[in-house]
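Novice: Structure provided below as structure tokens; questions to follow.
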Amino acid sequence: MEFSDASESILKEWSILIEDSKQSARREFSLLVDQMSALGWTVKNILLSTEEQARYGFIDD
């Protein structure tokens, strides 16, 4: 029974860590987009070929 409890605890900790990481990435991504825009980079409506699109993905796409 102890092994099962430990496994459940570890899975719960991993779930929390993953969720925290997602939230942090979303916050950092927003800051990155804002900074890129301020520097004159195009950050929306960028046309890419099919091959290029396959290589890039962003949060909440």
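Novice: Looking at (1) at pLDDT below 80; (2) among the polar types (S, T, N, Q); (3) surrounded by 10 or more Cβ atoms within 10 Å (Cβ to Cβ), which one does Thr50 not meet, given that it meets all the others?
Specialist: (3)
Novice: Does the stretch 9-21 contain at least one residue that is modelled with pLDDT under 90 and among the basic types (Lys, Arg)?
Specialist: No; the residues of the stretch 9-21 include none that is modelled with pLDDT under 90 and among the basic types (Lys, Arg).
The values are calculated or read from the model by the stated rules, or taken from the named source; none is laboratory data. Note that the structure is predicted; figures quoted are calculated from it, not measured. With ideal geometry, Cβ positions are generated from the backbone for all residues, glycine too; neighbour counts draw on all protein chains shown.
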